[in-house]
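Visitor: Got a structure for you, written out below as C-alpha cells; questions coming shortly.
The values are calculated or read from the model by the stated rules, or taken from the named source; none is laboratory data. Everything numeric in this text was worked out from a predicted model, so none of it was measured. Cβ atoms come from the backbone with ideal geometry, glycine included; neighbour counts cover every protein chain shown.
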Amino acid sequence: MAFRRRLGYVPEEPHLYTHLSGMEYLVMVSALRDMDRSSSIERIRGLLRLFGLYGDRDVSLSSYSKGMRQKILLSAALMHNPDLILLDEPFSGLDVASSLILRSLIVELANRGKVVLFSSHELETVERICSHIVILHRGRIVADDSIESLRTLMELPTLEGIFSQLAVEQDFFAVSREIADLIHA
Amino acid sequence: MHKAWDTQKQHFRVLYDVFLMRVIDLELLSPNGDPTRLMGQFATIFTSISFLFALPIILLGGGRMPMTARWTAEHFFLETTMTIAGLITVLSWDSAFPDRRDVLVLAPLPVRTSTLFLAKISAMFAAPFLAILAFNIFSGVAWPLTFSSEHSGFFGALRAWPAYWITIMLGGAFLVFTVLGIQGFAANLLPRQLFLRLSAWLQAISLCLLLSVYFLEPSLESPAALTAQENQRLLAWLPSYWFLGLFQQLNGSMHPALAPLAKRAWIGLAVSGFAACVALLLAYFRMLPKIIEQPDILPGRSKRPWFPNLGRSLNGAITLFSLRTLLRSRQHRTILSFYAGFGFVIVLGYVKVPFVGWMPSKTGISIAFLLASLLMAILAVLALRIVASIPISLRANWIFRVTEVRPARLYQNAVRYSWVVLGVAPVLLILAGGFLAGYPRMQVLGHLATMLCLGILLIEICLYGFQKVPFTCSYLPGKANLHFAFWACLMVFLRLLQEGAEFEGHVLEDAVRCCILICTLMAGAAGMRWFNQTRTGSTEGLLLEEEDEAVLVSLNLN
C-alpha cells in the first residue's frame, strides 16, 4: 500500500467515472489518496486552471473531449506530488499546446528528482526528453541504456533507426506496397 | 434483387442478435460473466414459478371450477403475465431506440435504417415474449384445461389453449405498445434535452405504476362486481380486466358482464399498437440526427459545486460517490425505484383498508405505522446493499486500485458510514418529520432509536462478505442470487414482520422494556461489527472483480 502513496499513474485509455464532473472526480481522488481537504482543493483548482479546464470544472466528464479527459488523468496522477510517475501514452489526444506543456513538465519533474517512466510510440518525443530508454520486443527487453550509448553502440543516428533494427521484424516498405497492391486488385 | 434481400436478411440476423444481448448491460459483467447464462437464469426462475403454479392441476387433476374461482384464476394469470411483459419493457427502457454507440458504429456501414429499425424492434419484443413463454410454459398448458366453457367437452378444452395463449400474448403486447408509445411520444413532443432529463423519471413512474396496479387493484372477478355501477369507472382503467373479457370472447365462454371489457381490450390494443407504431416511426426518422448531435444530458449552466461536509475524507468520498451515482445513474435509480415501489406497494397493501391506522393517537403508536417504518428501514438498507453491488463504468474502477492506500477495514467503515447516511438517516427523518407531532413523544423517540439500531444491525449483516467500494466491483451471474433470496425472504417473513411490529408496539409502552430492546439490537450490531472487522482484517485488500470460486474435485484415489 505504501508504494501507492508515492505513485502517480496515467493509464493509456482515459476510463473515468463520467457521471462525475472534473472537479468532483479530482476531489474524490484526493480523498481516496488521503490528502488534506483544504490544501487539496487549492491544488486541484490550480491544476485545472493551468491545464485550461477551470471553466469546465463543473461539467460532467461525459461531455469532455479525449484531450480534456487526458488532462484530468494527468491532474489526478500529479496532485499528490508522487515520487514515481507512470505515464502510458500520455500525449494521446492532447492538443499541440498541452503536448508542449507536458513535454516540458516531464523534464521539469525529472530535474526535481522525480522518476518519470513513460511509454510512447512517439519516438521523436522520446528521443528529445528521455535520459534512459528501454525497448521491449515480444515481451523481452532488447535494449536498456541511454540514447547516446545506444546511438554509439548501434551506429545509427536516430531512435527510429535503432528501434527499427531491434524491434521491427517486417520490411515495412514491402508490407505497405503489398497492402496498396491488395486493395487495388 | 434476390441478393439484396439475402443481404438484408443477414444484416437483420446479425443486428438482432447484437440488440437482443444488449437488453442486458454487458458492461456490468465480469470478464467471465456470460449474458446467455444470465438470461438462462431468468428463464429458469420463470419456468420454475410456472411449474409451481401448474403443480396443483398436475396433482389434483383439472376439474371444472365455479365461475368466480375460474375467473379469479384466469385473471391472475393474465394480470401476472401482462405485468411481467410490462416490467421487462420498462426495465429495458434504453434499448427502445438506438443509442449513440449504435449510430456511430452502424452509420458508416451499408446497413439500411429500416433494417436497423426492424432488428431493434424485434429484439425489444423478443425479451418480453420469451419471458411470457417461460412464465406460461407449464401453467399455460395445465390451467386452460379448467378454463373451457361449460358443456363444451373435448373441443372446448382444445379451444381454451389457443384462446389463453392468444390473450396473454395480446395482453403482453398491449403493455409493450403502451410503454413504447409513451416513450416515443415523449421523445417526439419534448425537446431532446428535456426528454433525456424526464426519461428516467418516466421510467421510474411507469415501474411504480405497474407494481402498484398489480398489487393494489381490487378483486372484481364476479358478475356482481363487474356489473356494479360504482366499479365501472375503475374497470375502465384496469387493462387486466379488459383482457379477461377478451379471453372469454375467444374461449366462447362470454358472460354479458364481460362483453364491454372485451370491446375495450380490442380498442385499447388497436390504439396502443397504432400509437406505438406512429411514435416509433417518427422517433426513428426524427431522432437519429439528434442522437449524434445531443447524445447526453448537457450540464446546467448555473450549476454551483456542491460539497457538503460528510465527515472524514474517505467516508465523505465514498458517501458522495454513492450519492452521486444514485442520483445520476439511470440504471441504479431504476433498480432503487423498483425496490422503493415494491416497498411502497407492500406498505400500502397492509394499510390500504384501515387508513385510520395512520391517524395520530395519544394512547400509542399504531401497528400500521410501526410496520410501515420497519419495512421502510429494512427495504432502504437492503435496496442500498443490492444496488451497490451493481457497478457503474466498470473500466473506470482502476482509480480505486491505484489509490488504495489504506487497509480494507477503513473502506468498510466508509461504506458503513455511507449506508447510515444514505439509507437509515432518510428513513429516520421521514418518520420523525411525519409523525413526531401526533404520537406520544417518548414512544416516538423510543421507536426512532429502535429503528436506528435496527438499521445499523442490518447494515452490519449486509456488510458480511462485502469487501468492496459500492458500484465498483464487477457483477458475476450466478453470484447475484441476492435479489431472489431477498424477495423470497420478504414474502415469507411478511407475517413475521407484522408480529415484530406488534411486539415493538407492546415494548414501546414501557421505557425499561424499550431500553432492553435497544440494548439488545446494539449488542447484536456490535457483535456483527466485530465479526466483520475480524474477517476484513484478514483480507488483502478491496474486491474489485467477482470471480468464480476455485473448485477442487477430489477423485479419492487413495
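Visitor: Select from the range A:57-68 the residues that are in contact (Cβ under 8 Å) with a residue 12 or more places away in the chain, within 12 Å of another protein chain (Cβ to nearest Cβ) and surrounded by fewer than 20 Cβ atoms within 10 Å (Cβ to Cβ) and list them in ascending order. Explain how you work it out, then say what you get.
Guide: Initial filter on the range A:57-68 (in contact (Cβ under 8 Å) with a residue 12 or more places away in the chain): A:57-62, A:64-68.
From what is left, the residues that are within 12 Å of another protein chain (Cβ to nearest Cβ) are A:57-62, A:64.
Hits for the range A:57-68 are A:ARG57, A:ASP58, A:VAL59, A:SER62.
Visitor: Among the residues of the range B:525-539, write down those that are at pLDDT 90 or above and within 31 Å of the chain's Cα centre (by Cα).
Guide: B:ALA525, B:MET528, B:ARG529
Visitor: Separate question: Does the range B:102-112 contain any residue that is surrounded by fewer than 18 Cβ atoms within 10 Å (Cβ to Cβ), part of a helix (DSSP H, G or I) and of a type in the set (Asp, Glu)?
Guide: No, because not a single residue in the range B:102-112 is surrounded by fewer than 18 Cβ atoms within 10 Å (Cβ to Cβ), part of a helix (DSSP H, G or I) and of a type in the set (Asp, Glu).
Visitor: Here's a check for you: in the range B:315-332, which residue that is out of contact with any Leu (no Cβ under 7 Å at 6 or more places or on another chain) and in a helix (DSSP H, G or I) is surrounded by the most Cβ atoms within 10 Å (Cβ to Cβ)?
Guide: The first filter runs over the range B:315-332 and keeps only residues out of contact with any Leu (no Cβ under 7 Å at 6 or more places or on another chain), leaving B:315, B:318, B:321, B:325, B:327-331.
Still in the running and in a helix (DSSP H, G or I): B:315, B:318, B:321, B:325, B:327-328, B:330-331.
Numbers: B:ASN315: 21, B:ILE318: 29, B:PHE321: 26, B:THR325: 24, B:LEU327: 10, B:ARG328: 18, B:ARG330: 17, B:GLN331: 19.
In this case the residue turns out to be B:ILE318.
Visitor: Does the range A:15-52 hold any residues that are more than 9 Å from chain B (Cβ to nearest Cβ), surrounded by 17 or more Cβ atoms within 10 Å (Cβ to Cβ) and not in a helix (DSSP H, G or I), and which are they?
Guide: A:PHE51
Visitor: Against the condition touching a residue at least 24 places away in the same chain (Cβ under 8 Å), outside any loop (DSSP other than H, G, I, E, B) and among the basic types (Lys, Arg), how does A:ARG128 come out, does it pass? Please lay out each step first, then the result.
Guide: Values: touching a residue at least 24 places away in the same chain (Cβ under 8 Å): yes; outside any loop (DSSP other than H, G, I, E, B): yes; among the basic types (Lys, Arg): yes.
Answer is yes for this residue.
Visitor: Tell me the residue from B:SER139, B:SER114, B:SER199, B:SER206 that is among the polar types (S, T, N, Q) and free of Cβ contacts under 8 Å to residues at least 12 places away in the same chain, please. Give the derivation first.
Guide: Values: B:SER139 fails: free of Cβ contacts under 8 Å to residues at least 12 places away in the same chain; B:SER199 fails: free of Cβ contacts under 8 Å to residues at least 12 places away in the same chain; B:SER206 fails: free of Cβ contacts under 8 Å to residues at least 12 places away in the same chain.
So the residue among B:SER139, B:SER114, B:SER199, B:SER206 that is among the polar types (S, T, N, Q) and free of Cβ contacts under 8 Å to residues at least 12 places away in the same chain is B:SER114.
Visitor: Given the criteria facing another protein chain (nearest Cβ under 7 Å) and either acidic (Asp, Glu) or within 20 Å of the chain's Cα centre (by Cα) (or both), does A:PRO11 qualify?
Guide: Working: facing another protein chain (nearest Cβ under 7 Å): yes; either acidic (Asp, Glu) or within 20 Å of the chain's Cα centre (by Cα) (or both): yes.
Considered against the rule, which asks whether it is facing another protein chain (nearest Cβ under 7 Å) and either acidic (Asp, Glu) or within 20 Å of the chain's Cα centre (by Cα) (or both), A:PRO11 comes out as yes.
Visitor: Can you go through A:HIS121, A:HIS184, A:HIS80 and tell me which one is touching a residue at least 24 places away in the same chain (Cβ under 8 Å) and surrounded by fewer than 16 Cβ atoms within 10 Å (Cβ to Cβ)? Don't jump to the end; show me each part of the working.
Guide: Values: A:HIS184 fails: touching a residue at least 24 places away in the same chain (Cβ under 8 Å); A:HIS80 fails: surrounded by fewer than 16 Cβ atoms within 10 Å (Cβ to Cβ).
One residue alone meets the criteria, A:HIS121.
Visitor: Can you tell me which condition A:LYS71 does not meet? The list is (1) touching a residue at least 24 places away in the same chain (Cβ under 8 Å); (2) in a helix (DSSP H, G or I); (3) more than 8 Å from chain B (Cβ to nearest Cβ); (4) under 26 Å from B:ASN315 (Cα atoms), and all the others hold.
Guide: It is condition (4) that A:LYS71 fails.
Visitor: Of the conditions (1) exposed (fewer than 13 other Cβ atoms within 10 Å of the Cβ); (2) modelled with pLDDT under 90; (3) farther than 19 Å from A:ARG49 by Cα, A:VAL96 clears all except one; give me its number.
Guide: (3)
Results for (1) under 18 Å from the mean Cα position of the chain (by Cα); (2) of a type in the set (Gly, Ala, Ser), shown as yes or no for each residue.
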site	(1), (2)
A:SER21	no, yes
A:ARG43	no, no
A:LEU47	yes, no
A:MET68	yes, no
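Visitor: Just to verify a result, which residue in the range B:393-419, among those that are at the interface with another protein chain (Cβ under 7 Å from one of its Cβ atoms) and β-branched (Val, Ile, Thr), is farthest from B:SER329 (Cα to Cα)?
Guide: B:VAL405
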